[in-house]
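Below: the structure, in structure tokens.
Since every read-out is calculated from the coordinates, none of them should be taken as a lab result. This is a predicted model, so every value here is computed, not measured. Cβ placement follows ideal geometry from the backbone for every residue including glycine, while neighbour counts extend to all protein chains displayed.
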Amino acid sequence: MPLPVLEATAEVAADLKHKLKEVFGYGQFRGTQEAVIKNVLTGHNTFVIMPTGAGKSLCYQLPALVVPGTAIVISPLIALMKNQVDQLGAFGVNAQVYNSTLTKSEMKRVQRDVVSGEVRLLYVAPESLNKDETIEFLQRSNISFVAIDEAHCISEWGHDFRPEYRRIRGIIDHLGPNIPIIALTATATPKVQLDIQKNLHMDDASVFKTSFNRTNLYYEVRAKHNTKKQLIQYIKQRKGKAGIIYCLSRKKVEEIAELLRVNDIRARPYHAGLDQQVRIDNQDAFLNEDCDVIVATIAFGMGIDKPDVRFVVHYDAPKSIEGYYQETGRGGRDGLEGDCLMFYSYDDILKLEKFSKDKPVTERDNARQLLQEMTNYAESAVCRRRQLLHYFGENLDTDCGFCDNCRHPKERFEGEEAVGLALRAVVQTEARFNLDHIGQVLMGLTNPHIESYGHNGLPVYAQGKELGDAQFWHSVLRQCLLNDFLEKDIDSIGLVRITDRGIDFIENPRSITLTKDHNFEEEQKADEEKEEVQHAAGHDEVLFSQLKELRRQVAKQKNLPPYVLFQDPSLKEMATTYPTTLHDLTHVSGVGQGKAQKFGAPFVAAIKKYVEDNDIVTAEDVVVKSAVNRSKNKIFIIQQIDKKMMLEDIAQARGLDMRELMEEIEHICYSGTRLNLDYYLEDMVDEDKQEEIYDYFMNASTDNIAVALKDLGTDDFTEEELRLVRIKFISEVAN
């Protein structure tokens with residue numbers, strides 16, 4: 001039964017504002033909310049494109065309270081349903097979920113309450129909606145309207161295509177005649193918008209589209225280099241503030257959550273592999289401020305209404321601009337600051353491409369195009385906000401001044417010649433090709449594609465080879481899009497065509513300034529060189545000398561080589577971070593609990609005295625404690641070695657190769673945990689060799705394997721033998 005048509009009178013408007021205040025506590029509507037709600041109440045189909053944080057959910061929640069019957073809300077995620085139902089319950093609204101988390105008796109209760117008209121909003125997963133049992137009880141219910149949240153899931157051209165969403169229209173038709181639909185999304189390109197309307201048969205829908213510009217968000221992209229250290233420093237600079245860190249894999253989520261915890265940051269993981277109750281507990285802890293940071297795969301956050309998220313970090317590159325925009329949109333939903341940081345490496349893009357290699361051709365090509373757009377965004381030095389808005393069909397005339405590219409501009413150059421060539425190349429290739437092909441024509445490349453179309457005979461062919469390489473021309477063409485000289489062909493993904501403004505530029509060329517792209521490989525190399533210089537002079541030379549002398553004295557007392565106590569890199573870090581307690585000392589790389597307890601006391605005492613004598617403020621914010629000994633891998637390895645399991649079997653059980661396993665074991669050992677590998681050494685290294693290697697390390701000035709191989713001779717000893725005996729030596733004398 002469709003909802004009764006209400007005229008948008010002043011009386012209705014007053015009643016809506018009264019409900020808004022009475023139930024939700026707001027005095028005014030935001031943006032187009034009121035217009036959307038009135039459109040729903042008049043029984044029209046409604047299509048809402050509104051950025052994250054702009055109040056989409058109110059557009060269907062409030063109408064559901066005004067008209068009789070139950071509003072069906074189709075939502076793709078259990079986390080979203082739970083969050084909204086909990087909030088509505090707190091407002092005194094009877095809202096229920098209907099999904100796979102319910103028991104059979106709970107499902108029967110919900111069905112009964114919906115049929116009796118007690119439930120105002122029913123949140124249903126699309127998978128549950130497809131079941132005959134669901135359709136049958138909804139046909140017996142009074143359905144006021146259907147809200148389709150995250151409607152971009154309908155489109156195969158979108159970033160989160162879900163086949164079950166494409167069956168929604170047919171199911172709605174089975175529920176009853178003329179049921180109004182409101183479809184909502186925060187991320188839809190012009191092509192995806194058309195696809196949504198076509199699939200839902202909503203060509204006549206009233207469309208409400210608000211600006212995608214989230215002016216309070218600061219966008220930044222950094223090279224993926226020393227990422228863990230950068231992450232810890234970034235979060236500690238925002239101590240006590242709420243943040244979300246997105247990772248691509250469950251394994252990485254667990255690893256980063258553990259890293260944060262051992263660095264005294266209140267963090268919890270969230271991913272589909274966790275037990276359902278653990279996920280719920282972690283989500284609630286984040287919403288209730290019992291933890292500051294949630295580390296999650298992309299499923300978390302879709303629809304989570306936490307207004308005070310102050311930073312969003314993408315530890316790995318996202319799969320698409322849509323995903324990136326939606327996830328960064330979790331930040332600053334209250335209008336206050338929201339910092340958005342992405343760590344970028346092209347290796348991440350290559351990994352993501354591999355994930356889609358087994359998909360059908362259309363899906364694979366679409367995924368590749370989305371990744372190309374992501375790469376373009378990350379590597380471009382043009383205003384980030386202009387790029388994002390342009391992607392969603394919105395233009396920003398001037399740079400925003402509030403992103404990394406605006407705050408730290410890259411080199412600019414005169415682009416009149418390059419733009420003219422690029423536009424003429426699009427015209428001469430008849431606007432039937434993508435940016436890569438156009439760039440290849442301009443560079444004068446030869447391949448079967450270019451030859452078959454005769455493009456090696458075009459006037460522009462090879463005219464741009466002196467100006468730049470493929471990356472240069474790709475950048476020029478993208479900046480032509482941003483400047484409205486070119487536009488994307490909505491009907492043919494990846495293709496571009498010239499605009500009237502572009503034709504005018506060809507006819508009336510003029511000066512235009514373009515920006516060179518980021519070269520993250522070069523930037524990373526420069527960072528590494530800078531760090532080497534800083535590392536050379538970054539520690540306190542006076543304290544370092546004192547600690548080396550102390551190490552020599554203690555080693556002499558204990559009749560041990562000095563490096564067995566603490567290696568030089570560890571001493572330099574002590575002379576940089578000034579640990580004044582044994583707990584602080586365990587934050588130093590290469591120093592675990594065992595080593596700190598065994599050798600640490602005189603070093604901590606010396607550092608404390610030096611700090612007091614010289615009135616030094618310690619720099620705790622640069623400390624990054626490794627989570628090495630607390631990860632599941634390390635615990636498993638220690639347990640299996642205790643059980644005398646062969647190393648090859650341990651490696652196979654954890655999906656590691658032998659080199660990776662040896663590195664893990666060395667980390668464990670050097671951090672102060674004693675390991676007994678005698679059972680393995682007996683089979684791998686004969687006793688005489690063991691004694692000779694052991695004696696060598698006892699008297700050597702360094703434990704460096706390359707030096708040991710040179711001293712002992714590669715004819716008689718292998719690297720593996722030296723590493724195994726070194727583990728035995730360090731375990732017995734240092735741990």
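See the values below:
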| read-out | value |
| --- | --- |
| Charge dipole (the chain, unit charges on Cβ, about Cα centre) - positive-most of L389, H152, A54 | A54 |
| Inverse mean reciprocal Cα-Cα distance (Kirkwood Rh) of the range 629-734, Å | 14.2 Å |
| Protection proxy ranking, peptides 431-438, 44-51, average beta carbon neighbours within 10 Å, highest first | 44-51, 431-438 |
| 5 angstrom amide H check on V73, placed H, neighbours 5+ away | L122, Y123, V124, A147 |
| For the range 341-350, Karplus couplings with θ = phi - 60° (6.51, -1.76, 1.60), whole Hz, Gly/Pro x | 10, 10, 8, 10, 9, 5, 4, 4, 5, 5 |
| Separation of the T581 and A35 label points, Cα + 7 Å toward Cβ, nm | 5.8 nm |
| Potential extension, D173-R238 segment - 0.36 nm per residue separation minus Cα distance | 18.4 nm |
| Histogram of C-alpha separations across the range 412-516, 10 Å bin width, % | 16, 53, 29, 3 |
| Set of lysines near K236 by C-alpha distance (under 16 Å), chain-local residues within fewer than 8 positions excluded | K228, K625 |
| Footprinting exposure proxy for Y325, Y610 (fewest neighbouring C-beta atoms within 10 Å first) | Y610, Y325 |
| Part-to-part distance (alpha-carbon centres) for the range 648-666 and the range 536-567, which is given in Å | 32 Å |
| Full-extension gain in nm, Q597 to T513, via 0.36 nm per residue minus C-alpha separation | 24.1 nm |
| Phi-based couplings in Hz for the range 447-456 (Karplus 6.51, -1.76, 1.60; Gly and Pro marked x) | 7, x, 5, 5, 5, 5, 8, x, 6, 6 |
| Dipole-positive endmost among L217, A205, I182 within the range 124-281 (Cβ charges, Cα centre) | L217 |
| Diffusion constant of the range 217-407 at 37 °C, which comes from Stokes-Einstein with the Kirkwood Cα-pair radius and 0.692 mPa s, µm²/s | 191 µm²/s |
| Lys, Arg +1 and Asp, Glu -1 on Cβ, resulting dipole of the range 217-407 about Cα centre, debye, nearest 20 | 500 debye |
| Karplus-derived HN-Hα couplings along the range 170-187 (A = 6.51, B = -1.76, C = 1.60, θ = phi - 60°), whole Hz, x at Gly and Pro | x, 5, 4, 4, 6, 6, x, x, 6, 6, x, 10, 10, 9, 9, 8, 9, 9 |
| Only Lys, Arg (+1) and Asp, Glu (-1) charged, at Cβ; the chain dipole about Cα centre in debye | 2280 debye |
| Bins of 10 Å, starting at 0 and running to the largest distance - Cα pair percent for the range 539-625 | 18, 58, 22, 2 |
| Length gained when the stretch V427-R412 is fully extended (0.36 nm per residue, less Cα-Cα span) | 2.8 nm |
| Relative pair counts by distance (%), Cα atoms of the range 10-209, 5 Å bins | 1, 7, 17, 21, 22, 16, 11, 4, 1, 0 |
| Amide hydrogen neighbours beyond the local backbone of K319, cut-off 5 Å, H modeled | none |
| The range 274-296-the range 407-486 distance, computed between alpha-carbon centres (Å) | 49 Å |
| Cβ charges +1 (Lys, Arg) and -1 (Asp, Glu), total dipole of the range 10-209, debye | 200 debye |
| Selection from A575, I490, A596, by position along the positive dipole direction of the chain (Cβ) | I490 |
| Largest-first ellipsoid semi-axes for the chain, taking √(5λ) over the Cα gyration tensor eigenvalues, angstrom | 54, 36, 25 |
| Cross-link pairs beyond the 31 Å C-alpha cut-off, checked among K229/K516; K252/K595; K82/K252; K319/K410; K209/K410 | K209/K410 |
